[in-house]
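The values are calculated or read from the model by the stated rules, or taken from the named source; none is laboratory data. Here the structure is a predicted model, which is why all the values come from computation and not from measurement. Cβ: placed from backbone, ideal geometry, glycine included. Neighbour counts: every protein chain shown.
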Amino acid sequence: MPEQRPRWLPSLRPFSRAGALRDVRAGVALAAMNIPQVLGYTRIAGMPVVTGLYTLLLPIMAFAAFGCSRYLVVAADSATAAILASGLAGMAPAASAHYVLLAGYVALLTAAFLLLGRLLKLGFIADFLSQTVLIGFLTGVGFQVGIAVLGETLGVQVESRRTVMQAIEICRELPQVQVPTLLVATAVLATVLVLHWVTPKIPGPLVAVVGATGASAYWHLSQHGVATIGAVAGGLPHLHFALLSWREILPLLPVAASCAVMIVTQSAATARVYAVRHHQELDENRDLLGLAAANAAAAVSGTFVVNGSPTQTAMVESVGGQSQVAQVATACVVAGVLLFLTRPLEYLPQCVLGALVLLVAIHLIDLRGLFGIRRESPGEFAVALTTALVVIVAGVEDGILAAMVMSLVRIVHHSYHPYTGVIVPDASKTWKVIPPVRGAVTEPGLVLYHFGASLFYANAGRFAEEIVVLAGQPPTQVRWVIVDAEAIANVDYSAARVVLELKDHLEQAGVLLGFARLAPSTKADFDRHHLSAAFGANRIFERLHDALEAFERGRARTEANRAPAGESECV
């Protein structure tokens, strides 16, 4: 039974002292693991490093106040950061003041799209991106992000913004790799991986960042060719928002729309997993309000779009967090870092953040998931692979558009090519369905035809063609065709016209068409489109057995009527 919670601050309540202390401890641990990660996400987004910390401040508290999920961590995320960087490429130099302003407007527009989704109750949209295309999309993002930060990790300059060209440039520049930079990046990767393998509870990224920052300051690594991030602005963010002209805002709309779609799908999927796992109530539309508030807070606090992060949500659960109190505690820790600990960050080598992002990118590449799809469904594997390739070759925005289109195409494909067949008894008198080929019958003279989807304009033609094939060419031996309509939830206007024409065509060939097991919604469509009146009560059956009994009675009457004529001929 899902846990019922008050409508006011549902992500924080019910509240208890013991639970709050547990969540505060979890929030401190989450901050230790999460701060290095969001610093890395700024490299993906092209934003100043300090803005990554800003995503863990006001946005995380805004979601705690207005959202519903108790576990979802809303902060900087690799997928939306990649969408932002791809969309703003060429509009302004990365990390410049104008770039930050454009990123703020993207966050604000994203908040507007999410608020519109809340008002229209569009939380269900998340269901239209299949797990297949999401795996392909995130795998493509992993490759794109990994290649984008590989140059920074190796200490080589990359000019292109296209993934394929970036890979080519990196290959060309390999002889120019800075050895000190490579050694630092390798040490960071080794530290994180070894700590994760030996003691997963120790935040490897934090240890790597602290260690690399200390080593950089002590040995003056910047004088040995290791680039550092430079001065980081301290203090809490200033709440402000400059004005842009409509001409500058319009190109940002598709970027914000892409971010909103990714946020809706990824956040809803993540929140749903943890709500089900912990038997808690989830209001996806209420979460849209929380996500809109979080992105509005990001816009006014000088940072970029935030998203419900699967990895960060897994982090908070792993350290014992059970409500948004943990996320609020994380925000308090981040505020302390902004006030007192930003100065040491200027010694942090850029390759460290590149290495951390590279690990995130590798985590996004779900080869196990792809091969699992391939084993079970080669067709869906092709869809996932195509989505990944579109992201890598064309970019994240085109990739998310391709993901949505292919998800919808698969829905239409399933409806256009539903499971169909002829219902026949097997040796044990149990019903089974065989392919609807010419000559397939339930019993001599009768075809029970199963159609496994709603009837609409696109599949009505196939419905009619298969029934005509089963009925055979005149003079046919089939006398009745009864459609098992249990899976037909709806019939639209165009399909109704096709059914009426099919009825007339079969009657001319001496074949009776009928329906059995109409659902209430289908019966309503039959009434509205005048199919009930056209077929009459004697051709619409409650059960398949009723149709069988009616067919047997009709055959018996036919044989009885023929018997006297046969006897007179014999005489």
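Some observations on this one:
- When Val100, Val106, Val73, Val149 are screened for being closer than 11 Å to Val305 by Cβ and among the β-branched types (Val, Ile, Thr), only Val106 passes.
Rundown of residues vs (1) assigned to a helix (DSSP H, G or I); (2) under 37 Å from the mean Cα position of the chain (by Cα); (3) among the β-branched types (Val, Ile, Thr); (4) assigned by TED's automatic domain parsing to the domain that holds Leu57, yes/no style:
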{"position": "Gln144", "(1), (2), (3), (4)": "yes, yes, no, yes"}
{"position": "Ile147", "(1), (2), (3), (4)": "yes, yes, yes, yes"}
{"position": "Gln166", "(1), (2), (3), (4)": "yes, yes, no, yes"}
{"position": "Ile170", "(1), (2), (3), (4)": "yes, yes, yes, yes"}
{"position": "Leu206", "(1), (2), (3), (4)": "yes, yes, no, yes"}
{"position": "Val209", "(1), (2), (3), (4)": "yes, yes, yes, yes"}
{"position": "Tyr218", "(1), (2), (3), (4)": "yes, no, no, yes"}
{"position": "Val232", "(1), (2), (3), (4)": "no, yes, yes, no"}
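- All conditions in (1) in contact with a strand residue (DSSP E or B) (Cβ under 8 Å, 6 or more places away or on another chain); (2) on the phi > 0 side of the Ramachandran plot hold for Gln350, with the sole exception of (2).
- Some residue of the range 289-303 being part of a helix (DSSP H, G or I), under 25 Å from Arg118 (Cβ atoms) and either among the aromatic types (Phe, Trp, Tyr) or within 17 Å of the chain's Cα centre (by Cα) (or both): yes
- All of (1) touching a Phe, Trp or Tyr at 6+ places or on another chain (Cβ under 7 Å); (2) surrounded by fewer than 24 Cβ atoms within 10 Å (Cβ to Cβ); (3) within 30 Å of Val276 (Cβ to Cβ) hold for Pro93 with one exception: (3).
- Scanning the range 32-52 for residues that are surrounded by 24 or more Cβ atoms within 10 Å (Cβ to Cβ), assigned to a helix (DSSP H, G or I) and either in contact with a Ser or Thr (Cβ under 9 Å, 6 or more places away or on another chain) or not assigned by TED's automatic domain parsing to the domain that holds Asn295 (or both) yields Asn34, Gln37, Val38, Gly40, Tyr41, Thr42, Ile44, Ala45, Thr51, Gly52.
- Residues (in contact with a Ser or Thr (Cβ under 6 Å, 6 or more places away or on another chain) and assigned to a loop (DSSP other than H, G, I, E, B)) located in the range 220-230: Val226
- Test: residue in the range 193-200 that is of a type in the set (S, T, N, Q) and surrounded by 14 or more Cβ atoms within 10 Å (Cβ to Cβ): no
- Per the conditions (1) without any contact (Cβ under 8 Å) to a residue 12 or more places away in the chain; (2) among the aliphatic types (A, V, I, L, M); (3) part of a loop (DSSP other than H, G, I, E, B), the sole criterion not satisfied by Val276 is (3).
- For the range 92-104, the count of residues that are in a helix (DSSP H, G or I), within 21 Å of Pro205 (Cα to Cα) and not hydrophobic (A, V, I, L, M, F, W, C) is zero.
- Lone unmet requirement of (1) assigned by TED's automatic domain parsing to the domain that holds Leu518; (2) hydrophobic (A, V, I, L, M, F, W, C); (3) assigned to a helix (DSSP H, G or I) for Ile482: (3)
Yes/no matrix, rows are residues, columns are (1) within 19 Å of the chain's Cα centre (by Cα); (2) within 19 Å of Thr330 (Cβ to Cβ); (3) modelled with pLDDT of 90 or more:
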position: Ala26; (1), (2), (3): no, yes, no
position: Met33; (1), (2), (3): no, yes, no
position: Ala45; (1), (2), (3): no, no, yes
position: Gly52; (1), (2), (3): no, yes, yes
position: Ala64; (1), (2), (3): no, yes, yes
position: Ala85; (1), (2), (3): no, no, yes
position: Val100; (1), (2), (3): no, no, yes
position: Ala103; (1), (2), (3): no, no, yes
position: Leu109; (1), (2), (3): no, no, yes
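- Check on Gln477, within 22 Å of Asn538 (Cα to Cα) and modelled with pLDDT under 95: yes
- All positions within the range 356-405 that are surrounded by fewer than 20 Cβ atoms within 10 Å (Cβ to Cβ) and small (Gly, Ala, Ser): Gly369, Gly372, Ser377, Gly379, Ala382, Ala394
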